[in-house]
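Notes to accompany the following structure.
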Amino acid sequence: MLNTMLKKWWIILIQGILLFILGVLIFRNPVEVLTGISLWFGIILLVTGAIGLFGWLFSGSEDRDLWILIWSILTAVFGILLLSNILAAMKVITVIFGIWILITGFKLTSSGWSLRKENSLGWFLLIVGVLSIAAGIIMIFNISSGAAGIAVILGIQVILSGIALILLAFVKRSLTGKIEDQIKKMRSI
């Protein structure tokens, strides 16, 4: 297995290149990315609700909880609603994402305000926090800005993962030669 891991460094390189390309595509198509996320979110909610319903139906009467049944039905219905109206799903996701960015902005602003007298990191946190608050508000009220925001964060993550895999492939390639040399030296002794 070690031999296979060491010799197949190029597989990791290809994965890294593909992730990098995917990240670029995400940046170029933010609305399509948000549509795909919305579709998957609806499917996940529908399946989660259905599994909860089946679990409730097939459990013994002493294990049945009314709140689990209600929660499962609401989750499945919400999934169906999202799947039946992708535009609404996109708006829901951008609003949730915008609220998350808004809350993060308030936390960063609060931390930055507290730290601003101690060091320059406080001012940096304060500025990033204020920008996050503005971005969160924009995302909540503008679906295309929300789509772009989600695509930027997802795109950055995918590109960074691709770069990390590319670097890992080259590190793995250089280590392969060193390990093989050490194994040859040990066998010759």
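Limited to region 57-87, what total is found for residues that are charged (D, E, K, R) and assigned to a helix (DSSP H, G or I)?
So the count comes out to 0.
Identify the single condition in (1) part of a helix (DSSP H, G or I); (2) over 30 Å from Ile21 (Cβ atoms) that Ser144 does not satisfy, given that it satisfies every other one.
With respect to (1) part of a helix (DSSP H, G or I); (2) over 30 Å from Ile21 (Cβ atoms), Ser144 is out only on (2).
In region 103-125, what residues are within 25 Å of the chain's Cα centre (by Cα) and crowded, with 19+ Cβ neighbours inside 10 Å?
Matches in region 103-125: Gly105, Leu108, Thr109, Leu125.
Just wondering, is there one or more residues in region 16-26 that are over 21 Å from Gln157 (Cβ atoms) and of a type in the set (A, V, I, L, M)?
No: zero hits.
Looking at this structure, is Leu46 at pLDDT 95 or above, under 29 Å from Val158 (Cα atoms) and in a helix (DSSP H, G or I)?
So Leu46 passes the test.
Which condition number does Met139 fail, the rest of (1) farther than 24 Å from Leu39 by Cα; (2) assigned to a helix (DSSP H, G or I) being met?
Condition not satisfied by Met139: (1).
Checking Thr104 against (1) closer than 29 Å to Phe20 by Cβ; (2) in contact (Cβ under 8 Å) with a residue 24 or more places away in the chain; (3) touching a Leu at 6+ places or on another chain (Cβ under 9 Å); (4) of a type outside the set (Phe, Trp, Tyr), only one condition comes out false. Which one?
(3)
The values are calculated or read from the model by the stated rules, or taken from the named source; none is laboratory data. Being a predicted model, the structure only gives us computed values, none of them experimental. Virtual Cβ from ideal backbone geometry, glycine too; neighbours counted across all protein chains shown.
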